[in-house]
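Participant: Provided herewith is a single structure, encoded as structure tokens, for subsequent inquiry.
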Amino acid sequence: MSGTIISTIKQNCRRCYTCVRDCPAQAIRIEDGQAFVVDGRCIACGNCTLVCSQNAKAYLSGLERASWMLEEDAPVAALLAPSFPAGFDVPAGQVAGAFKAAGFDLVVEVAQGADLVSRAYAEYLEAHPGGVHIATACPAVAEYVRKYRPELVDRLVPVVSPMVATALAVKELYGERVRCVFVGPCVAKKAEARDPELPPVIDEVLTLQEAHRLLAARGVDPAKAEPADWDEPAAGRARVFPLPGGLLESAGLDRGILDPDVLVVSGHDETVEVLDSLGETDAGQLLVEALMCRGCYCGPGISSSEPGLLRKRRVGEYVAECRRAAEEAAEPGDGSDDPLAARLPGLRLRRTYSADDQRLPSPTEDEIREILARTNKFFPEDELNCGACGYPTCRDKAIAVHCGMAEDAMCLPFMIDQAERVCIELGVPYSEMRDVHRHIINTEKLASMGQMAAGVAHELNNPLSTILLYTHILGKKLKDRDDLDHDLKLVAEESERCKKIVGNLLDFARQSRVHVESVDVREVVQQAVDAAVATVEPIGHRIDLVVDVERGLRADLDRDQMTQVLVNLVKNGVEAMEGRDGAVRVSAAEVEGGGRIHIAVSDEGAGIPRSARDKVFQPFFTTKSIGKGTGLGLPISYGIVKMHNGTIWFDTETGRGTTFHVEVPSIRVGGQTALIDDKGATA
């Protein structure tokens, strides 16, 4: 298999190392704190896409090519994996109808290919009665053996997967022009379709999640689709194939899961443990049926948020329903005796596997000790084995560092110790260092968001102006149409609201300089309070606005920009009081020691929820209801205060209210902060 199947979205990666912890192939390399998937080591199991809470891992999309094929002249067949009921909570006939409504010419159950594969397994095991045999229906399992247990490659059952068997049968029945699109829960199928050791019969692979998006893009809702018949070849006993132990039943091997000559395992932890412990003994026969997932109904390509047991139950119910239907129709063997193999005698289901050894070299004990010492682990008792780095033990992480897969800085306890030591040496409390880091992160976010916002705002401004212009023209032309008056007013009001948002975007993005002048701080504060009162919507409660500013307090500020900051803060304070009486207080005073002005805006509202406190200065984040806030007021204020070489922060207490603090230099001379005397002259 080749090509990048799983990639990292760098801006989303947050150094949590969850993907490192849950990768069965140890295919994640950490570089400058970012977790990258190493293509050659990856087995495409897709587990990292499941466990990453930040959506920093994405698998290769098949939507674009599948959509393109549906627009071409060649017929297209949708091959649905036996686990498809896990991803569609509608009757099977409607699933088939939905795909046909989306433009697929044929809709086929891959369970028929599983029937063919099951027969091939039975024949192979009968011809090879001794030794260990590893089932290969799960491509991630086969890849793990090829890359990390190459000595077991000759134990892989040399039979194609149900996906390939179905595609071979479809092309044999309907012609080579038919393009085959596999639809299933497995990301590894995307890699299998590219396997150079297989015939190129799979033209594209869609996960069930992608299939839902494709149907939606083509205006098809499976819940409303007209039922349709499935196309030949018909499926039979192997509909149970995606369940652990399904191979045993569908192949008619007459063995239960308690048979000592059979190992049925699922989940990457159990699967890796079994594969790593397999010996090369030929005593007796051992069949290992392994799935990297807990079952195909739990694959990483299923968008359903339902518990796995419910999805498993839906697959089981579909199997039981098909068997009952076959019995009522008096069809022997519920279709498992379908003579497809006899009709297609030339169907080639055998394949080969070659080793691709990706095992990393083992460092010496001295090399391991030297790497451990770099993170202050000099003795065994220093090894915490906390797992914060994603590796189970400190030694495992040291080995990964030696092989270039990990970094020393991944050791969280060590990095915390180093940070605290630096704080002690600098004489700065650790909490203040965290605040500095948070301000740096916010500044970087605002800079990048500002660039994007400027482009978006300029692109939207012209069409919005055109909409408003023609709305007013229509209003004049249709002034006698009372039935349209409300609609036109609504269009105009919403367009005006959009223009206001665009204006805020431009304010947020504008990298303007501060035009400072010596201003009376009390005047600026009072002006801001008056403006906020004039623009805030009535909330039906008594709110007192209290202004407490030292007389004669002056500062070098950009009057307009600092007024905008205070208006935002006062409006937020008033709106935070919704549902209760109380006061919003605005105070300003010179900081003890001189040289800086401290302004505080306090409310007696409900306080900022704990879950929102780290997002307050993020653009577009707001706790207000739709239509009442754009989430740009505080980010804009943050940027203005920073341009004044100041700081802005807040204190909040649930149920007691919030206070926003702004601290700026009282005067700037040549870009430097200076003191002023009581007459306003530079000291």
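Participant: Assuming a ≥ b ≥ c are the square roots of the Cα gyration tensor eigenvalues, decide whether segment 61-336 counts as rounded (a/c under 1.5), prolate (otherwise, with a/b larger than b/c) or oblate.
Facilitator: Judged from the Cα gyration tensor, segment 61-336 comes out prolate (a/c at least 1.5, a/b above b/c).
Participant: Where a Cα-Cα gap under 19 Å defines reach, which aspartates and glutamates qualify for Lys377, not counting those fewer than 8 residues away within the same chain?
Facilitator: Within reach: Glu365, Asp366, Glu367, Asp396, Glu407, Asp408, Asp417, Glu420.
Participant: Assuming R0 = 41 Å, can you tell me the calculated FRET efficiency for the pair Arg369 and Asp269, based on Cβ-Cβ distance, to the nearest 0.05?
Facilitator: After rounding, the FRET efficiency stands at 0.90.
Participant: Oh, and also: Let me spell out the model: positive unit charges on the Cβ of Lys and Arg, negative unit charges on the Cβ of Asp and Glu, origin at the Cα centre of segment 176-244. What dipole size does that give, in debye rounded to 20?
Facilitator: Using only the charged Cβ atoms, the result is roughly 220 debye.
Participant: A follow-up question, please. Counting Lys and Arg as +1 and Asp and Glu as -1, each charge on the Cβ, what is the dipole of segment 61-336 about the Cα centre in debye, to the nearest 20?
Facilitator: 640 debye
Participant: On to the next question. Which order results if Met292, Met643 are arranged by neighbouring Cβ count within 10 Å, fewest first?
Facilitator: So the ranking, lowest neighbour count to highest, is Met643, Met292.
Participant: For each of Glu590, Glu425, Glu306, count neighbouring Cβ atoms within 10 Å of the residue's Cβ, then give the residues from fewest to most.
Facilitator: Glu425, Glu306, Glu590
Participant: Can I ask one more? Between the DSSP loop rule and a limit of at most 15 other Cβ atoms within 10 Å, which GluC sites (Glu not before Pro) in segment 128-190 are left?
Facilitator: Glu176
Participant: Longer than 23 Å from Cα to Cα, which of Lys147/Lys190; Lys189/Lys312; Lys10/Lys189; Lys147/Lys189; Lys190/Lys224; Lys499/Lys571 are they? Say none if no pair is.
Facilitator: Cα-Cα > 23 Å for Lys10/Lys189; Lys190/Lys224; rest within.
Participant: Then there is this: Rounded, prolate or oblate: which fits segment 1-60 when a ≥ b ≥ c are the square roots of the eigenvalues of the alpha-carbon gyration tensor, with rounded for a/c under 1.5 and prolate only if a/b beats b/c?
Facilitator: rounded
Participant: Under the Karplus relation 6.51 cos²θ - 1.76 cosθ + 1.60, θ = phi - 60°, what is the ordered set of whole-Hz ³J(HN,Hα) values for segment 43-60, x standing for Gly and Pro?
Facilitator: These are the phi-based 3J(HN,Hα) values: 9, 6, 5, x, 5, 5, 5, 7, 8, 6, 6, 9, 6, 8, 10, 9, 9, 4 Hz.
Participant: Could you list Cys298, Cys386 in order of exposure, starting from the residue whose Cβ has the fewest other Cβ atoms within 10 Å?
Facilitator: Going from least to most buried by this count: Cys386, Cys298.
Any read-out appearing in this document is the output of simple, stated calculations on the displayed coordinates, not a laboratory observation. The structure presented is a predicted model; accordingly, all values stated were derived computationally and were not measured. Positions of Cβ are generated from backbone atoms using ideal geometry, with glycine treated the same way; all protein chains shown enter the neighbour counts.
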